[in-house]
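What follows is a set of notes on a single structure, which appears directly below.
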Amino acid sequence: MMQTASCRTAGSKRMYRLGFDIGGTHIACGIINDETYEIVGKDACAFFRGQSAEKTAQCMAELARSTAARCGTDFQQIETVGVCIPGSIDAQNGTVVNAYNLGFHNVPFRQIVKETFNKPAAMLNDADAATLAEHRLGVLRGTRNSLLVTLGTGFGGGIIMNGEIFCGGRGFGVELGHIQMDMHGEKCTCGRRGCIETLCAASRLTRDALRLAEKKKQAGDKLGETLHDAGTLIAAARAGDIECTEAWNRYLDDLSNALVSLINILDPEIIAVGGGVSGAGDFLIVPLNERVAKGSFFKEPTPVVKALLGNDAGLAGAALFAAETCLPR
Ligand SMILES: [Zn+2]
């Protein structure tokens, strides 16, 4: 196990839902109370890129059993299994079409999970899962049309439309990070140039941090030794370093431009911001709202707020999706 499992009191006769968030390096599992959607137990284990879908499902089952045992939850009390995946999903057939970080291509993963657990299973994209969780349990609760964007290694996000997760016209979902902002910009992972992801993901700040670190080291500035990722750049900007502040302001300009474009398409009631960069809190949220209000086409600005559920959003959303879509056995 990669981390210590945490448990809250369970063990009464209630029913539970299992939620899994499969990432490029680990599988997170949560056991969720069917009524309150409180996470009563969670744990994680390693995922190795290229491991088979069958082996992955077995690891998930072992992880679920050990987590359930530790929390005093009987496996019989678990009704459904929900899984979220960083990739494109064919929701109708329960197939992972492409998940490059997992090495899954055209894998009938929903069926494999269903057979391994002998329970109804559902599967969705990880950004959609996080959006669903924020809508049912977090800061998007009560909205009809809203948006979550996640600022991590990539730029992810999902759309709530008419109170439901919007999975696209053909079921492929939405790729908010691959809207082009600068046709002459940096090469994106998708093959095009200057996508929102190249300018607004945390990895852009990491590139800035490494560039400034070199510059500062050459100038004999000790700050150069500490700059190595988005978090250290944000900390230096917060502490008032001029070059890091300039880099942070350029990032805020680009991020607000991206959000304004999304607002102009969707007119959302609210935008939630999650992922690593959202850890900056008001240092991000306050100037972002100022810029978005200035740039928006609409007179009434869309509020931008920090997402609530953090790293648990994916597994909670996966569990919720299974609860809402699996037919009772
Ligand atoms: Zn792209």
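The values are calculated or read from the model by the stated rules, or taken from the named source; none is laboratory data. Keep in mind that this is a model prediction, so the values were computed, not measured. Positions of Cβ are backbone-derived with ideal geometry, glycine not excepted, and every protein chain shown enters the neighbour counts. These accessible areas exclude ligands, DNA and RNA; they are computed on the full protein's heavy atoms, side chains included. Shrake-Rupley method; radii C 1.70, N 1.55, O 1.52, S 1.80 Å.
Quick look at the numbers
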item: Selection of chymotrypsin sites (Phe, Trp or Tyr not before Pro), the stretch 234-329, meeting DSSP coil and at most 13 other Cβ within 10 Å; result: F297, F298
item: Accessible surface, per residue, of the stretch 139-307 when the full set of protein chains is kept, probe 1.4 Å, Å²; result: 50
item: Antiparallel bridges, percent of DSSP beta bridges restricted to the stretch 139-307 (to nearest 5); result: 60
item: The chain, relative contact order [Cα under 8 Å, separation at least 6], %; result: 19
item: Cα centroid separation, the stretch 65-133 to the stretch 191-233 (Å); result: 35
item: Q218-D282 pseudo-label distance in nm [points 7 Å out on the Cα-to-Cβ vector]; result: 3.8
item: Carbon and sulfur %, accessible surface of the chain computed with the full protein complex present, 1.4 Å; result: 51
item: Spin-label model distance (nm) - R70 vs F298, 7 Å beyond Cα toward Cβ; result: 4.4
item: Computed over the stretch 79-195, Kirkwood Rh from alpha-carbon pairs, angstrom; result: 15.3
item: Residue-span extension gain [D34 to T226] - 0.36 nm each, minus C-alpha spacing; result: 64.6 nm
item: At least 15 Å along the helix axis (C-alpha) and Kyte average at least -1.0, DSSP helices within the chain; result: 53-71, 126-137, 242-266, 282-295, 313-325
item: Nitroxide proxy distance, nm - points 7 Å out along Cα→Cβ at M161 and K187; result: 3.3
item: Burial order of peptide ranges 148-159, 131-142 (average beta-carbon count within 10 Å, highest first); result: 148-159, 131-142
item: For the chain, calculated [θ]222 nm from helices alone, where every DSSP H run of n ≥ 4 adds -39500 (n - 2.57); result: -12000 deg cm²/dmol
item: Only Lys, Arg (+1) and Asp, Glu (-1) charged, at Cβ; the chain dipole about Cα centre in debye; result: 380
item: The chain: most fluctuating residue of G231, G295, G240 per GNM, C-alpha cutoff 10 Å; result: G240
item: Farthest toward positive dipole pole in the chain [+1 Lys/Arg, -1 Asp/Glu at C-beta], among M123, S146, G224; result: M123
item: Highest-fluctuation residue, A272, A61, A318 considered, GNM on the chain with Cα pairs under 10 Å; result: A61
item: Beta bridges by DSSP in the chain, antiparallel share as percent, to the nearest 5; result: 65
item: The stretch 1-143 - share of DSSP beta bridges that are antiparallel (%, nearest 5); result: 65
item: Residues whose placed amide H lies under 5 Å from that of T80, excluding near-sequence neighbours; result: L18
item: Extension gain (nm, one decimal) between V97 and I265, 0.36 nm per residue minus Cα-Cα; result: 57.8 nm
item: Computed accessible area, D282, all protein chains, 1.4 angstrom probe, square angstrom; result: 110
item: Taking the stretch 139-307 and dividing mean pair separation by its residue count, relative contact order in percent (alpha carbons under 8 Å, at least six apart); result: 23
item: Measure of compaction for the stretch 139-307 (Cα Rg per 2.2 N^0.38 Å); result: 1.07
